[in-house]
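Here is the structure we will look at.
The values are calculated or read from the model by the stated rules, or taken from the named source; none is laboratory data. What you see is a predicted model; the values in this text were computed from it and never measured. Cβ coordinates were reconstructed from backbone atoms using ideal geometry, including for glycine residues, and neighbour counts include every protein chain displayed.
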Amino acid sequence: MESEIFTYINASARPGTGPMEDTRVAVESGISVENWPTDAQSRALENYVALEDATLITRLRDAGAALKGRTAMGELGLGLDGDTCGDALTKGLSDVALKIDTTGEARMAAAISGCFGFKPTYGLIPRAGLISLIPSMECCGILSNSLEAISTTTRTMGGVDERDPSMDPDGIDQAMAGFDQSGPSQDDPLIVGVIRDWHTAMGLEDKEFKAAVKKINTAAGIEIKTVDIKDFSLARTVHNIIGTVEASSSAGRFDSVRYGHRTGASVKNWNEMYIHSRGESFGPLVKAYLFQGGYFQYRDYNAFLDACRIRARLMASLEKALESVDLIVLPVAAGAVVESEASNTVSGFYDTFSLTLLANLTGNPSVSIPGAVSPGTTNGDAARKALQLIGPRFDDAGLLARASRISDILTGEV
Amino acid sequence: MQYNDRSNCGRLGPADIGKTVHLAGWVDALRDHGEVLFVHLRDKSGIAQLVFSPEFAPEDVYRQSTTLRNEYCINAVGRVVKRDKGTENPNIETGDIEVVITEMTILSRSKTLPFPVSEKAMVDNEEETISRETVSEDLRLQYRYLDLRRPGMQQFLIKRHKINSCVRAFLEQNEFIEVETPVLTRSTPEGARDYLVPSRVNPKHFYALPQSPQLFKQLLMVAGFERYYQITRCFRDEDLRANRQPEFTQLDLEASFIDESFIFGLIEELLCRMFEVGGTTLPRPFPHMTWQEAMDKTGSDRPDLRFEMYFVEATDIFTHTQYSIFKQILQRGGVIKGINVKQASDSLSKNVLQNEYAKQIVPSFGAKGMTWMRVTGDRLDSNIVQFFSDREQRVIIDRFNAVDGDVILIIADPSLEVVNSALGRLRLHVADRLDMIPKDLFKPVWVTDFPLFEYTENGVTSSHHPFTAPDRTDFDPADTEDLLSLLSRSYDIVVNGEELGGGSIRIHDPATQQKVFSALGLSPEEAKEKFGFFLQALDFGPPPHGGLALGMDRVVAMILKTPSIREVTAFPKNRSAFCPLTEAPSQVAQEQLEELGLLDLVKSEALPGSNREQEDIDYLSWVSRLGFEEEERPMIESALKNAAQMAQAVSGIAPDFEPAISVVQGQNCFRQGTSAARSSFVKTGDLFKNAPSVKGDYFKVASILD
């Protein structure tokens, strides 16, 4: 069974000593672990073996975690085709799974397999050693059946790293202090925000979500408040434009010179070598994604700048909304969720992740709380039953504590 | 302080000891010895060491000196003294003296430099702090004014100026006059792509920037100036190649009542004088080689004569061969040629010959394969030699003059062009690899007697340009065979395998010109449409004339032995034809386009049904260096359609916010330590562990140039 879930099993996995000594961690192949195959499931990194640990891996080792092996993932982290990180948890093969979240992958994978998925604040956990396509949005996501384990893992991996130029030292101090403090208690008043008309502009269904919110509202001390996020329905387009441009640019490193697949075709010069090697390296979803990025880079760069302006307003708007509420709640999905590779187009991909990508655009922490999942549940149903909470940046500890409270309410344990 | 009594840093010497001097320039380097501060002050002439010490400098001057940083521009007065024994600096001309400063003004300050400017170490035995090669070229081009502050770069431009002066003086002496010709001119569809300039006054009409002043200089001959020259900028919109610039400088010249020998003599003398500026004496007289001989011997019309290893014709040896590959090639009218790499069997192992050359390198030169033979004990040794008869083996050894230790490389192909081109590149590759090319040797050669026409599927085309005179005028413009047998009166000057210039004797007879156009398939009407103004001039008594153009950037780069013409160009473009300094080319305002009538032009000229999407995919595939299979086209097409819709959706509704590139402000990260160090992965070799192809200490890639 292990070999169906792990693409690589660490034969010498053994726990050390420290705060994570009882924790087995599954790591997807987009996160560098020294001497492990690290191909991010792409031919562009065929046979690539990482030369050194990602910073966050070093920190996990130092805290005593046992690194179990590699789970399968979507190519270069885009989507969930063939993903097995949730299985590693539900089959009891690991306690925590790490999965890069650039569009909502970690939260969605968690929702589908019935566990918690957390995307920390952008800039809290170092990105050095992570391989994905969208540098300005990528975060190391954490999946587990236990919010406490997620909290410990986040705290272990967080902190300034000189190898990551996009960290925020002041924010990190605040976030790490949050883990040290006792945090919000179960009895504190809690204001939960719901985005006004989030479903109508996107043509989505909100029946199940309404029921869940109603249930949350019955609990003592919780108030529901409607907030406005300007252009919420544009977030998807904005993410698509910015994401593809960053992907087209960052995938430039996959040039078949230093690593990865080199074409076997006879080529006259290096331009032909690039064109063939890269053309053979990427699957259809990534390739279409890169072509879109090329379009915005070379044919309509103003669209990229406009998207960045709208992103700036989304950030400001969400920050303002989070001044009046403690967190915002949204479903993990509300419309179509692509279940198979056959329909794996860029727009199908964005249909699936249309509600999770806001937190990636704005860098806020977000945690998904699973709904009831039984063996017969389809991925789509599981995702539509799950909720995600979005909290203020660098209050990761507070968000996880509140998630625990809301999860208890939803499962009737309060 | 005033500047009229200023001395030059680099010209101070022992004769100045005891004098008070006034200097101005830039802080090249600093060395703080606690109490005493040493400063290298640099101006155009060189470097002098300044000493700031509390003992001699007034307190405020000394205090101010401690705020000096690299590349501050300062003014200083001090006394020249002899340096203490043992503290002399042989790295600089003025290393025996130093200047003890008593007055100093900071004229302007400098920010932290993007790369070091200083080239001279402050003390003996210290390594040079920076080599130009370690700084990214785009960064150097972006801060070109700092890059040009470096003495090495200044020397290049100063020498280039001296070469120009030498050219002007020499041509003046020979009664040439410099005449300027227009830069805004007419587009001629011949040759490379033109740079176009839209005309506002004549909407929808365009000027072209000249690829050369060819027709104008011929018109100057018609006008009777007899001897003209110009050092002028020319423009070609060509694809990326190393050592090419979209704009380049030519020495263009033309003379009347002359023949080839005049040009040969003039240019030989001129080039010799130009190379003397760089301290190189060219061997004279320059030899001549016909185009045919150059092709036969080296497979190239730009023969590199610094080494021999000339081609050996071997087709006839194999007329009756049993070796099936050669047999088939010969049945298809093919050619077999080879080279003898003398005494190379130690450096060219069987493995290198078979796995590198035969399987990879030669196929990348366009030939299907290569046959190799090593000579040992007077016999041939190879993976295929058993297919050759004893007679064939013996004749091969004889024909190639082979002795023990030699390696014979043979290329066979149905096409002579393929054999010449592949074997020619192989000859250069092997010579380079085995260090057979002597350094600092210059081998000029005139290549002459080019074919006037080249064969194409649609008839013939000019090898040079249609104004080049043929060697005879009695040809039949309709007889392709006759046309292909014509030689032209053109000549190229080639040095070390590089074409530095070329030219020809021109046609001055309208009837011959008409015949050449007719041979090229141009009717009198079409010729008139394209070159009417010029043909008309030929009807008014043109003198016999001819000329030549030298690519000055290349000549100067060769004289100064720089790796690239960008080193001898003050403000060059990078390899993407982009200027990192000014960020040209740039987008322009909608209004500018409108004023030029260009918006309208695109609309009205776009053909109905033209497939912009198809173009988009192929264009994006190229600029992204991302290939695709035909079956992927519909999927990509639909993704691009989707992208266009998204662009539409965000257009015009974005708020007036600063675009958010990231949610976290990027931080500058500085690596620990002060000196550049190799990554430990380089030392251990691990860096190459994941590489698809490695050779020695390098990542191996397909060849960079075509």
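Numerical summary
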{"quantity": "Some residue of the range A:147-157 being in a loop (DSSP other than H, G, I, E, B) and either within 11 Å of chain B (Cβ to nearest Cβ) or closer than 23 Å to A:Gly64 by Cβ (or both)", "calculated": "no"}
{"quantity": "Residues within the range A:220-229 that are more than 14 Å from chain B (Cβ to nearest Cβ), crowded, with 16+ Cβ neighbours inside 10 Å and out of contact with any Gly (no Cβ under 7 Å at 6 or more places or on another chain), tallied", "calculated": "1"}
{"quantity": "Residue list for the range B:59-72, filter: under 42 Å from the mean Cα position of the chain (by Cα) and either surrounded by 15 or more Cβ atoms within 10 Å (Cβ to Cβ) or among the aromatic types (Phe, Trp, Tyr) (or both)", "calculated": "B:Leu68, B:Asn70, B:Glu71, B:Tyr72"}
{"quantity": "Selection status of B:Gly532, more than 33 Å from the chain's Cα centre (by Cα) and part of a helix (DSSP H, G or I)", "calculated": "yes"}
{"quantity": "Criterion violated by A:Glu272 - all others in (1) in the same structural domain as A:Phe394 (by TED's automatic domain parsing); (2) modelled with pLDDT under 95 satisfied", "calculated": "(1)"}
{"quantity": "Close pairs from the range A:284-295: first more than 7 Å from chain B (Cβ to nearest Cβ), partner assigned to a helix (DSSP H, G or I) and not aliphatic (A, V, I, L, M), Cβ under 6 Å, at least 6 apart", "calculated": "A:Val286/A:Glu75; A:Tyr289/A:Thr244; A:Gly293/A:Thr244; A:Gly293/A:Ser248"}
{"quantity": "Helices (runs of 4 or more DSSP H) fully within the range B:542-619 counting 1 or more residues that are out of contact with any strand residue (DSSP E or B) (no Cβ under 7 Å at 6 or more places or on another chain), of a type outside the set (Gly, Ala, Ser) and modelled with pLDDT under 95", "calculated": "B:590-595, B:598-605"}
{"quantity": "Checklist (1) more than 12 Å from every other protein chain (Cβ to nearest Cβ); (2) in contact with a helix residue (DSSP H, G or I) (Cβ under 9 Å, 6 or more places away or on another chain); (3) of a type outside the set (Asp, Glu) applied to A:Lys210, failing item", "calculated": "(2)"}
{"quantity": "Any hit, the range B:48-58, residues being touching a strand residue (DSSP E or B) at 6+ places or on another chain (Cβ under 9 Å), acidic (Asp, Glu) and buried (at least 16 other Cβ atoms within 10 Å of the Cβ)", "calculated": "no"}
{"quantity": "Unmet requirement for A:Ala175, which otherwise passes all of (1) within 14 Å of chain B (Cβ to nearest Cβ); (2) surrounded by fewer than 19 Cβ atoms within 10 Å (Cβ to Cβ)", "calculated": "(2)"}
{"quantity": "Looking only at the range A:118-146, and only at residues there that are more than 14 Å from B:Val663 (Cα to Cα) and not in a loop (DSSP other than H, G, I, E, B), the one that is nearest to the other protein chains (Cβ to nearest Cβ)", "calculated": "A:Lys119"}
{"quantity": "Counted residues, the range A:115-137 - those being in contact with a strand residue (DSSP E or B) (Cβ under 7 Å, 6 or more places away or on another chain) and not charged (D, E, K, R)", "calculated": "10"}
{"quantity": "Selected residue (criterion: farthest from A:Leu80 (Cα to Cα)) from residues of the range A:268-278 that are buried (at least 19 other Cβ atoms within 10 Å of the Cβ) and facing chain B (nearest Cβ under 7 Å)", "calculated": "A:Met273"}
{"quantity": "Strands (runs of 3 or more DSSP E) lying entirely in the range B:313-429 (those with 1 or more residues that are under 30 Å from B:Tyr455 (Cβ atoms))", "calculated": "B:335-341, B:371-376, B:407-413"}
{"quantity": "Residue count, the range A:300-316 (criterion: crowded, with 20+ Cβ neighbours inside 10 Å and more than 7 Å from every other protein chain (Cβ to nearest Cβ))", "calculated": "2"}
{"quantity": "Residue match in the range A:180-200 (condition: surrounded by fewer than 20 Cβ atoms within 10 Å (Cβ to Cβ) and within 30 Å of A:Thr84 (Cβ to Cβ))", "calculated": "no"}
{"quantity": "Options A:Ala386, A:Ala382, A:Ala397, A:Ala336; residue that is under 26 Å from B:Ser662 (Cβ atoms) and either in contact with a helix residue (DSSP H, G or I) (Cβ under 9 Å, 6 or more places away or on another chain) or at pLDDT below 95 (or both)", "calculated": "A:Ala397"}
{"quantity": "Residue tally, condition over 15 Å from B:Val335 (Cα atoms), in contact with a strand residue (DSSP E or B) (Cβ under 8 Å, 6 or more places away or on another chain) and surrounded by 15 or more Cβ atoms within 10 Å (Cβ to Cβ), over the range B:364-382", "calculated": "6"}
{"quantity": "Single condition A:Glu34 does not satisfy, out of (1) in contact (Cβ under 8 Å) with a residue 24 or more places away in the chain; (2) out of contact with any Lys or Arg (no Cβ under 8 Å at 6 or more places or on another chain)", "calculated": "(1)"}
{"quantity": "Any hit, the range A:330-346, residues being under 22 Å from A:Ala106 (Cα atoms), of a type in the set (Asp, Glu) and more than 10 Å from every other protein chain (Cβ to nearest Cβ)", "calculated": "yes"}
{"quantity": "Test: residue in the range A:230-247 that is at the interface with chain B (Cβ under 7 Å from one of its Cβ atoms) and closer than 18 Å to B:Gly627 by Cα", "calculated": "no"}
{"quantity": "Matching residues in the range B:25-45 - criterion: being under 16 Å from B:Gln64 (Cβ atoms), surrounded by 19 or more Cβ atoms within 10 Å (Cβ to Cβ) and of a type in the set (A, V, I, L, M)", "calculated": "B:Val27, B:Leu30, B:Leu37, B:Val39, B:Leu41"}
{"quantity": "Residue match in the range B:312-334 (condition: within 25 Å of A:Lys268 (Cα to Cα) and touching a Leu at 6+ places or on another chain (Cβ under 6 Å))", "calculated": "no"}
{"quantity": "Conditions (1) over 18 Å from B:Leu23 (Cβ atoms); (2) crowded, with 17+ Cβ neighbours inside 10 Å; (3) not charged (D, E, K, R); number of the one not met by B:Asn89", "calculated": "(1)"}
{"quantity": "Residue under evaluation A:Val257, criteria (1) facing chain B (nearest Cβ under 7 Å); (2) surrounded by 22 or more Cβ atoms within 10 Å (Cβ to Cβ), criterion not met", "calculated": "(2)"}
{"quantity": "Any chance A:Thr84 is in contact with a strand residue (DSSP E or B) (Cβ under 6 Å, 6 or more places away or on another chain), farther than 20 Å from A:Met157 by Cα and not acidic (Asp, Glu)", "calculated": "yes"}
{"quantity": "Count of the range A:86-102 residues which are over 13 Å from A:Ile31 (Cα atoms), of a type outside the set (A, V, I, L, M) and buried (at least 24 other Cβ atoms within 10 Å of the Cβ)", "calculated": "3"}
{"quantity": "Tally, over the range B:440-476, of residues that are surrounded by fewer than 19 Cβ atoms within 10 Å (Cβ to Cβ) and farther than 28 Å from B:Leu500 by Cβ", "calculated": "7"}
